Amino acid sequence: MVCLGNICRSPLAEGILKNKIKEHGLDWEVSSAGTGAWHIGELPDSRSIRTAQQHGLDITDQRARQFTAADFKDYDLILAMDGSNYRNILQLDLDSQYEHKVNMILNYIDALKGQGVPDPYWDDDGFEKVYQMLDEACDALIEQEG
Ligand code: 4NP
């Protein structure tokens with residue numbers, strides 16, 4: 001799960017998907033990262049922590065890290081939150097080997113294909129909407145890939 005800062009959207013996506021794979025008894029390794037380096041080592045944004053808590057999820061074990069080319073090898077599926085993240089990820093795919101692994105997460109929802117998860121960083125009210133989008137996308141992801 002990849003966004004820009006790895007403090008708002010992708011930590012929520014990681015927490016939501018980890019919870020669902022546990023419920024479904026799946027043996028998937030899930031992590032998140034940001035394409036940017038500004039927040040490396042930080043906890044998720046307090047508003048993401050609070051939103052997760054309101055849905056019974058604890059994401060305070062997460063620390064932000066930056067997406068690297070090694071992630072192309074380590075993971076089967078790399079899900080960008082928006083089109084900018086998608087392009088930033090593919091810029092690190094220097095030999096154009098891994099495009100087949102990279103997708104945008106909302107492409108799993110027919111009605112939201114091609115759209116990005118809105119960045120809630122500057123919008124305190126955006127976090128619950130982001131949660132709901134990611135919750136639906138992760139259900140669809142498990143249905144299609146699980
Ligand atoms: P995220 O949100 O990509 O969902 O983690 C952002 C977090 C921080 C910044 C931008 C977006 N920032 O510019 O620091």
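The values are calculated or read from the model by the stated rules, or taken from the named source; none is laboratory data. From a predicted model like this one, the values you see are computed outputs, not experimental measurements. Neighbour counts run over all protein chains shown; Cβ positions are idealised from the backbone, glycine included. These accessible areas exclude ligands, DNA and RNA; they are computed on the full protein's heavy atoms, side chains included. Shrake-Rupley method; radii C 1.70, N 1.55, O 1.52, S 1.80 Å.
Summary of values
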| quantity | calculated |
| --- | --- |
| Residue-span extension gain [Ile40 to Thr68] - 0.36 nm each, minus C-alpha spacing | 8.8 nm |
| Residues whose placed amide H lies under 5 Å from that of Glu42, excluding near-sequence neighbours | Ala64 |
| Square roots of 5 times each gyration tensor eigenvalue, C-alpha, the stretch 12-75, largest first, Å | 20, 18, 7 |
| Neighbourhood charge, 13 Å Cβ-Cβ cut-off, centred on His24 and excluding it, Lys, Arg +1 and Asp, Glu -1 | -2 |
| The chain: C-alpha pair distances exceeding 24 Å, % | 24 percent |
| Rounded Å value of the spacing that divides the Cα centres of the stretch 3-17 and the stretch 127-143 | 11 Å |
| Accessible area of the chain divided out per residue, in Å², using a probe of 1.4 angstrom | 53 Å² |
| Eligible lysines near Lys20 by straight Cα distance, threshold 22 Å, same-chain separation 8 or greater | Lys101, Lys113, Lys129 |
| Amide hydrogen neighbours beyond the local backbone of Val102, cut-off 5 Å, H modeled | Ile78 |
| Dipole magnitude of the stretch 7-85 about its Cα centre (Cβ charges: Lys, Arg +1; Asp, Glu -1), debye to nearest 20 | 220 debye |
